[in-house]
Each structure stands twice: as structure tokens, then as C-alpha cells.
Amino acid sequence: METLRERLVSAAFGAGWTLVCRLPEPMARALFMAGADVAWRRQGAGVQVLEGNLTRVCGTSPAGSGTQDSDGTSVDGKELRMLSRDVLRSYARYYLEAFRMQAIPAERIATGMHINFPNADLTLEYLKNGRGVIYALPHMGDFEQAGRWVIGYGAGSFTTVAERLKPESVFRRFLDFRRGLGMEVLATTGGPHPFGVMAQRLRAGKLVCLVADRDLSDSGIEVDFFGEKALLPAGPAALAVQTGAALMPVACWFVGESEWGAHIYDEIPIPADGSRKEKVAAMTQALAAVFEQAIREHPEDWHMLQKVFVSDLDPDRLARSRDRKGSGIAGNGNSGNANGDNRGDENS
């Protein structure tokens, strides 16, 4: 039985999909930006975690004592707060577009996307020739829009993973929403093991998309990320090693008020030498380096309101992860919370 809070959350999301697409876009945008500013001023737990994450990107102190970033540029606490406000507004735009996606014309999706077409075309060439492709993404921009774009560009469909969250009704709404865009969505629990299904799809020459900058399992790979240790999921690299699919990082961001940007990075090759575990670890570190570059270029569109750095994590969970690393990598394909990541679980 759903709690009162879960019923309220479910009602809010239901109203979002029912009502927001009927409002004039400027009015809906103003409402969502106002909501983002309210959440930012409250400076709740999610915003505090966000600002802690952004300190790693910018090299700042959340307390406001100015320090220097990696380029030697002084960044103070006020600038950090302004950046976190920009992130909250970007995050609000993500939800606005999710609720309005059915009302956005296909032509606008196609013409409003700024992307490096050579690697998009290379993706389609791989798929046409029977080689699977894994797109691994950080929590940036609007990956639903990017998913709709790549489907329309020629991919036809792709497979992804969604964490089963409460309330169940919201999870079902997100499931129906993404399936309506042409995605095959695998729940992390309550069905076939996602890793096995994704491996089958890749061997059949299909596209798999996974949000991969935050580990949800106890089998994450410890990587260097913005000068600290962080846990990233093993799934994308493990799938590539197991199936021979091309692992290609992708980053998304917003352009102006009505367009989008994305970059499909070059394939991360599978190392020629080493054990399976060593290959997965090396590829995950390479993935982290690409994510770091993308986030530095567009920090205002990194919607990370959850803990990713080892120094912030629960010590017991970290100990479990390290124990599992000692016994081998469990390639479970868990790569984030919707699309691999349902963003509805994040407190701001």
C-alpha cells in the first residue's frame, strides 16, 4: 500500500504528464524555472550533495572560501551557488521536456539537435553490419530527447535499464513514457536479468544505452574522477568485453531555450592484454575520463544530486563494493537510476 507521500508524488507526476503539455510552453517553462529556484533557495539535502559534487568539478569550497580550479582560476562560494542554481534550472528543463515530449514535433527534435554526425553515422554503420553498440552517458541534459533523436535518425529502437523505484505508479508512468518513444526498458528487478538480455541484444547487432556515472550496485569500479576516487558501474565495459560491442561514450546538454547538444565520442577499445576484470576496470577508467571532460565543458547540465565520490559514500556500502571487487566483477548492467536511471528519486 502506498504511503501518503507516495500518493502525492504519484499525483504530481500524473498531473505533469496530463496538464503540462496542455499549457503554453512559455508559461510551463516559467513555472518550472520558478520551482527550480524555490528548490535552490531551500538548499535541501539534494542541493547540498550537488554543490559538493560541483566543488570537485570547479575546485571550490562549498563553505565559500575561494580556492583555485585546475586552471588556476579563482572560484568562490557565490559562483558555486550560481552554478548550482543553473543546474537546478537545467534539471527542471529536463522534467519539463519529459512531460511535454509528446507535444514536441519530430521536426523540432531533428532540426534542434547539434551533434557530431560522423560518429552518429558510424553507429548506424555498426548496427547495419551486425555489431552492437553501447552508448554510455552521464546524467547530463535530456537523454530522452537524445534517445528520440537517435531512434528517428535511424537506430529504430534501443534497449535501456530503469531502476524500479517507489511509488510503483510513477515507475510505471516512466516505463510507459519511454516505451512510447521506442525504447525497450528493462527493470533492474522483477524480471529477466538485465545484463543477460542486453548481451543478447548486442550480439544481435542492436543499440544499448546506459546512464553510467553513478553506481547503484555493490559491484562498482573505483576510478579516478575529478582528482578523487568515485564508483562507476561495471556494466557498460563488461557488456563490451563479453559481446565485442562498441562502447561509445555520449554526453548531452542544452543549447539555448529550445535546442539540444550531444557528442558521441570515439569508441573505447577493449584492451588486448589482461584478465576480463582488468579490461573492464581499464575501460571504465577511460569512460570516467571522457565523462570528466564532458562535465567540465557543460557543468551546468550535470544533474548529479546524489553521492558519487568515495569520500562521500556510506563506509559499509563501500566495504561491500571492495569485498566484491576482490571476488570478481558482477557485470549486472546497472548503470544509473533511469535509462539506467529514473530521476524521480532525487531530492532537491
message: Only counting other Cβ atoms within 10 Å, I'd like MET198, MET27 sorted with the fewest neighbours first.
response: MET27, MET198
field: Point-to-point label distance, GLU79-ARG7, nm (Cα→Cβ direction, 7 Å offset)
entry: 4.9
- prompt: Tell me, what is the Rg over Rh of segment 207-308, with Rh the Kirkwood radius over Cα pairs?
  reply: 0.97
For ALA155, net neighbour charge (Lys/Arg +1, Asp/Glu -1) across residues whose Cβ lies under 11 Å away: +3
message: I need the fraction of alpha carbon pairs in segment 156-273 separated by more than 26 Å, rounded to a whole percent.
response: 27
- prompt: Once the piece of chain linking ASP224 and GLU125 is laid out straight, how much longer is it, given 0.36 nm per residue of separation minus the C-alpha distance between them?
  reply: 32.4 nm
field: Stokes-Einstein translational diffusion, segment 4-345 - Kirkwood Rh over all Cα pairs, 0.890 mPa s, 25 °C, in µm²/s
entry: 120
- prompt: Which residues in segment 151-175 place their backbone N less than 14 Å from a point set 7 Å from the Cα of PHE117 along the Cα-to-Cβ direction?
  reply: 153-154
query: If you stretched the chain out fully between GLU168 and GLU297, how much longer would it get, using 0.36 nm times the residue separation minus the C-alpha to C-alpha distance?
result: 42.9 nm
message: What are the ³J(HN,Hα) couplings of segment 237-253, residue after residue, when phi is run through the Karplus curve with 6.51, -1.76, 1.60 and θ = phi - 60°? Round to Hz, x for glycine and proline.
response: 5, 5, 5, 5, 4, 6, 10, x, 5, 7, 8, 10, x, 9, 10, 10, 7
Given the chain, longest segment not containing exposed loop GluC sites (Glu not before Pro) (DSSP; at most 16 other Cβ within 10 Å): 3-256
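Computed from the coordinates by the stated procedures, all read-outs in this text should not be read as laboratory data. Remember, predicted model here, so these are calculated numbers, not experimental data. Because the Cβ atoms are built from the backbone with ideal geometry, glycine has one as well, and the counts that use them run over all protein chains shown.
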